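One structure is given below, encoded as structure tokens.
The values are calculated or read from the model by the stated rules, or taken from the named source; none is laboratory data. Predicted, not measured: the structure shown is a model, and the values here were computed from it. Heads up, the Cβs are rebuilt from the backbone with ideal geometry, glycines too, and the neighbour counts pull from every protein chain shown.
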Amino acid sequence: MVKCKSTSRLSKVNSKVILTQTDTTVGFLSQSSNKLYDIKSRKQTKPFIKVYDSFKSLQKNNNRIPTSMKNLVRRSKKTTFIVKNRAFRVAKSSLNSQLLRDLSYSFSTSANKSQEKFNRIFCEQKADIIIEDKNSLYENLSSSLIKINQKTKKRLR
């Protein structure tokens, strides 16, 4: 089910904020990080995770992954990686939504106020588009966080 505040066509999805169930927990997705900063009231110095729909999309966007860690990144599930202070994750959408399939990447954050629990009313007010399946929206564990470089990997979360 897709709900949208506007009755116009969804041609400008890249400027919209989407509320949906991600591969890990319920989250806000957008191709505009500035909109997410406003919603979360977050400092501009703390970047968002960039979620790609495939490993190919990750490489097309000039992200350099250490050669020794490429297999780890390619095969990982529910894991966020940090390389040179850039956080990213490769995650296919589990929802059968054409809207999400058309996005090769999006910025992602948990759907809540900073340092608070999931509040559906708050999230519905802030989102432009809501994508939900029969399981509804539910809070779950966040992704693992691993910092990698050419030689080492360090688990942060």
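Here are the numbers for the structure shown:
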| read-out | value |
| --- | --- |
| Which numbered condition S142 fails, given (1) at pLDDT 80 or above; (2) under 25 Å from S41 (Cβ atoms); (3) not β-branched (V, I, T) | (1) |
| Single condition K50 does not satisfy, out of (1) more than 19 Å from R155 (Cα to Cα); (2) charged (D, E, K, R); (3) in contact with a strand residue (DSSP E or B) (Cβ under 6 Å, 6 or more places away or on another chain) | (1) |
| S136, sole failed condition from (1) closer than 20 Å to I39 by Cα; (2) exposed (fewer than 11 other Cβ atoms within 10 Å of the Cβ); (3) small (G, A, S) | (1) |
| Residues of segment 97-128 classified as polar (S, T, N, Q), touching a residue at least 12 places away in the same chain (Cβ under 8 Å) and over 15 Å from L29 (Cα atoms), total | 1 |
| Some residue of segment 52-72 being modelled with pLDDT of 85 or more, in a strand (DSSP E or B) and under 27 Å from E124 (Cβ atoms) | yes |
| Strands (runs of 3 or more DSSP E) fully within segment 100-157 counting 3 or more residues that are within 18 Å of the chain's Cα centre (by Cα) | 105-110, 129-131, 144-148 |
| Selection from segment 5-31 of residues that are modelled with pLDDT under 85 and assigned to a loop (DSSP other than H, G, I, E, B) | K5, S6, T7, S8, R9, L10, S11, K12, T22, D23, T24, T25 |
| Inter-residue pairs, beta-carbon under 9 Å, first without any contact (Cβ under 8 Å) to a residue 60 or more places away in the chain and more than 20 Å from L100 (Cβ to Cβ) and in segment 38-62, second polar (S, T, N, Q) and surrounded by fewer than 14 Cβ atoms within 10 Å (Cβ to Cβ), 6+ apart | Q44/N34; P47/N85 |
| Residue list for segment 34-56, filter: crowded, with 16+ Cβ neighbours inside 10 Å and either within 13 Å of S110 (Cα to Cα) or among the small types (G, A, S) (or both) | L36, Y37, I39, K40, R42, F48, I49, K50, V51 |
| Residue in segment 37-50 that is at positive phi and either assigned to a loop (DSSP other than H, G, I, E, B) or among the basic types (K, R) (or both) present | yes |
| Among (1) out of contact with any strand residue (DSSP E or B) (no Cβ under 6 Å at 6 or more places or on another chain); (2) closer than 22 Å to M69 by Cβ; (3) of a type outside the set (D, E) - the single one S114 does not satisfy | (2) |
